[in-house]
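Quick notes on the structure that follows.
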């Protein structure tokens, strides 16, 4: 795929997400670009880039990732109920190989006493 088509697909993905009122997630971007998760990670992390075209895709993906995270962070600060977005942001900022995790805190545990 030509770099112009690659960038166009990224722009269209973000435009569609905005139009539909959805968060542009990583999986959706991978699907829109018709990549495998492994290809996406290789291009994003600049591992084994073979030519100038790969470097241009790498730069485009870095910009797309920053844009996705920026949208999520902005939504966190403008939402009155941001629990789900907060969990998503924590998960995206976790170590790449770490399994997703979260902690549940229960206040008022005396409510469960006999």
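Counting neighbouring Cβ atoms within 10 Å and putting the fewest first, the residues 23, 13 line up as 23, 13. Note on residue 19 and residue 41: with the Förster distance fixed at 35 Å, the Cβ-Cβ geometry gives a FRET efficiency of about 0.80.
In terms of surrounding Cβ atoms within a 10 Å radius of their Cβ, 59, 19 rank from fewest to most as 19, 59.
Among 3, 10, rank each residue by its count of other Cβ atoms within 10 Å, from fewest to most, as a rough exposure measure.
Numbers: 3 15, 10 20.
If I rank by nearby Cβ atoms, fewest first, I get 3, 10.
Values in this text are rule-based calculations from the coordinates and carry no lab data. For clarity, every value in this text was computed on a predicted model and none was experimentally measured. Neighbour counts are summed over all protein chains in view; Cβ atoms, including those assigned to glycine, are modelled from backbone coordinates with ideal geometry.
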